[in-house]
Amino acid sequence: MIKRPYNICIVEPKGFGHSKAFEEVAEAIDYSLKELGYPTALSVNRVTDDAVNIIFGAHLLPLQDLHDLDPSTIIVNAEPLSATSERTRDRILICLNAGLEIWDYSLANIEILNRIGGRPAKYLQLGFQKELDRIAAAPVRDIDVLFYGSMNERRAEILYGLQARGLVIEHLFDVYGRERDAWIARSKVVLNMHLLESQIFEVVRVFYLLINGVAVVGEVNGPETLIDDRFAQGIVAAPYGDLIDVTEQLVRDAARLEKQRTLARDAIKRYPQVSFTQQLL
């Protein structure tokens with residue numbers, strides 16, 4: 001039996017490099033569909049008529065292109081709906097009202113979408129994909145703490161606090177792919193913090209780090225933070241107020257760091273992406 005082909009498309013408007021943040025999730029879907037025997041293509045700004053299109057960043061499409069999407073199109077939403085722009089929410093609602101299938105990484109988002117009505121959204125879980133295990137540690141890890149993402153006051157307060165403890169801090173913005181990976185390879189710890197007070201854990205960022213056995217300190221503010229077991233087991237969790245102390249303690253404990261890197265990969269390796277992708281089809 002010939003299986004239907006899939007085209008995994010990342011929408012990247014001219015001059016908007018942040019769409020590259022979708023790359024690792026798109027690759028995980030691509031590789032896992034191939035494991036399941038489906039023909040796939042991974043593309044940028046190319047929607048095709050001869051495959052089921054799985055679109056990342058659909059909210060970045062021109063409005064008419066959004067309305068013209070084929071009914072078979074699958075939309076992957078990676079935006080926190082409780083803390084995103086009105087424009088983004090409106091574009092996602094257009095997809096929902098058109099009856100398009102939506103895959104979402106967040107149960108909190110899915111609850112919002114399902115309250116609105118329309119076709120029920122599906123839960124896109126992220127797990128281990130062997131092809132994404134590709135960051136080799138640098139011979140010398142000369143960066144104590146790496147953080148990448150947008151900067152605001154609550155994030156800056158933590159980074160300044162770590163710097164005041166004498167740690168070597170690196171902050172990256174608009175750096176993706178292999179260039180970002182080279183910085184990860186040089187870092188003892190990668191820090192994950194919420195941008196806003198929203199308590200949705202940043203799985204899109206962290207799943208790739210765990211696959212690569214990276215020691216991650218992640219902001220988890222008790223039961224209010226929605227986090228799956230494979231992430232809770234793979235990171236060193238701390239509430240916002242303890243991030244500085246917890247991160248410093250980990251950085252300064254070489255034996256614990258090495259153990260944490262093994263725990264990180266082992267935690268997600270028990271959850272193959274192919275199983276999660278199969279559940280969506």
(request) List, in order, the whole-Hz ³J(HN,Hα) value for each residue of segment 172-182 obtained from phi through the Karplus relation with A = 6.51, B = -1.76, C = 1.60 and θ = phi - 60°; use x for Gly and Pro. (result) 10, 9, 6, 10, 9, x, 5, 5, 5, 4, 5
(request) Report the net charge of residues surrounding SER32, where surrounding means a beta-carbon distance below 13 angstrom and charges are Lys +1, Arg +1, Asp -1, Glu -1. (result) -3
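Going down the table (LYS14/LYS34; LYS122/LYS259; LYS122/LYS188), which pairs top 31 Å between alpha carbons? Before the final figure, lay out the partial values.
On the way: LYS14/LYS34 29 Å; LYS122/LYS259 35 Å; LYS122/LYS188 35 Å.
From the list (LYS14/LYS34; LYS122/LYS259; LYS122/LYS188), the Cα-Cα distance tops 31 Å for LYS122/LYS259; LYS122/LYS188.
Between the DSSP loop rule and a limit of at most 14 other Cβ atoms within 10 Å, which trypsin sites (Lys or Arg not before Pro) in segment 67-173 are left?
Values: sites: ARG87, ARG89, ARG91, ARG115, LYS122, LYS130, ARG134, ARG141, ARG154, ARG155, ARG165; in loops: ARG134, ARG141, ARG165.
Those satisfying the criteria are ARG134.
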(request) May I ask you to list the aspartates and glutamates whose Cα is less than 15 Å away from that of LYS269, ignoring any residue fewer than eight positions away on the same chain? (result) GLU131, ASP133, ASP228, ASP229
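What is the sum of charges, Lys and Arg at +1 and Asp and Glu at -1, for the other residues whose Cβ falls under 13 Å from the Cβ of MET193? Can you show the working numbers first?
Values: positive: ARG154, ARG155, ARG205; negative: GLU153, GLU157, GLU197, GLU202, GLU219, ASP242.
Result for the local shell: -3.
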(request) Once you have a ≥ b ≥ c as the square roots of the Cα gyration tensor eigenvalues for segment 130-269, tell me rounded if a/c is under 1.5, and otherwise prolate or oblate according to whether a/b is larger than b/c. (result) rounded
(message) I'd like the Karplus ³J(HN,Hα) series for segment 265-281: coefficients 6.51, -1.76, 1.60, θ = phi - 60°, whole numbers in Hz, and an x wherever there's a Gly or Pro.
(response) 5, 4, 5, 8, 5, 6, 10, x, 4, 4, 5, 5, 5, 4, 5, 7, 8
(message) I need the shape label for segment 6-124. Rule: rounded when a/c is under 1.5, else prolate if a/b > b/c, else oblate, with a, b, c from the alpha carbon gyration tensor.
(response) rounded
(message) Need one word for segment 236-281: rounded, prolate or oblate. Basis is the Cα gyration tensor (sqrt eigenvalues a ≥ b ≥ c); a/c below 1.5 gives rounded, then a/b vs b/c decides.
(response) oblate
(message) Using each residue's phi in segment 253-260, evaluate 6.51 cos²θ - 1.76 cosθ + 1.60 at θ = phi - 60° and report the 3J(HN,Hα) Karplus result to the nearest Hz, with x for Gly and Pro.
(response) 10, 4, 5, 5, 4, 5, 5, 5
(request) State, to one decimal in nm, how far the label point of ALA255 lies from the label point of ASP142, with both points 7 Å from Cα in the Cβ direction. (result) 2.9
(request) Rank the residues VAL216, VAL47, VAL25 as a footprinting-exposure proxy: fewest other Cβ atoms within 10 Å of their Cβ go first. (result) VAL47, VAL216, VAL25
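Arrange the peptides 49-59, 13-23, 200-210, 265-275 so that the one whose residues have, on average, the most other Cβ atoms within 10 Å appears first.
Per-residue mean Cβ counts within 10 Å order the peptides as 200-210, 49-59, 265-275, 13-23.
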(message) In the chain, if the dipole is taken from +1 on Lys/Arg beta carbons and -1 on Asp/Glu beta carbons about the Cα centre, which of LEU66, MET151, ALA232 is farthest to the positive end?
(response) ALA232
(request) May I ask you to list the aspartates and glutamates whose Cα is less than 13 Å away from that of LYS3, ignoring any residue fewer than eight positions away on the same chain? (result) GLU35, ASP50
(request) Between beta-carbons, use under 12 Å as the cut-off and find the net charge around LEU126, counting Lys and Arg +1, Asp and Glu -1. (result) -3
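Every number in this text was worked out from the coordinates using simple rules, so none of it is lab data. These figures come from a predicted structure and were not determined experimentally. Every residue, glycine among them, receives a Cβ derived from its backbone with ideal geometry; neighbour counts consider all protein chains shown.
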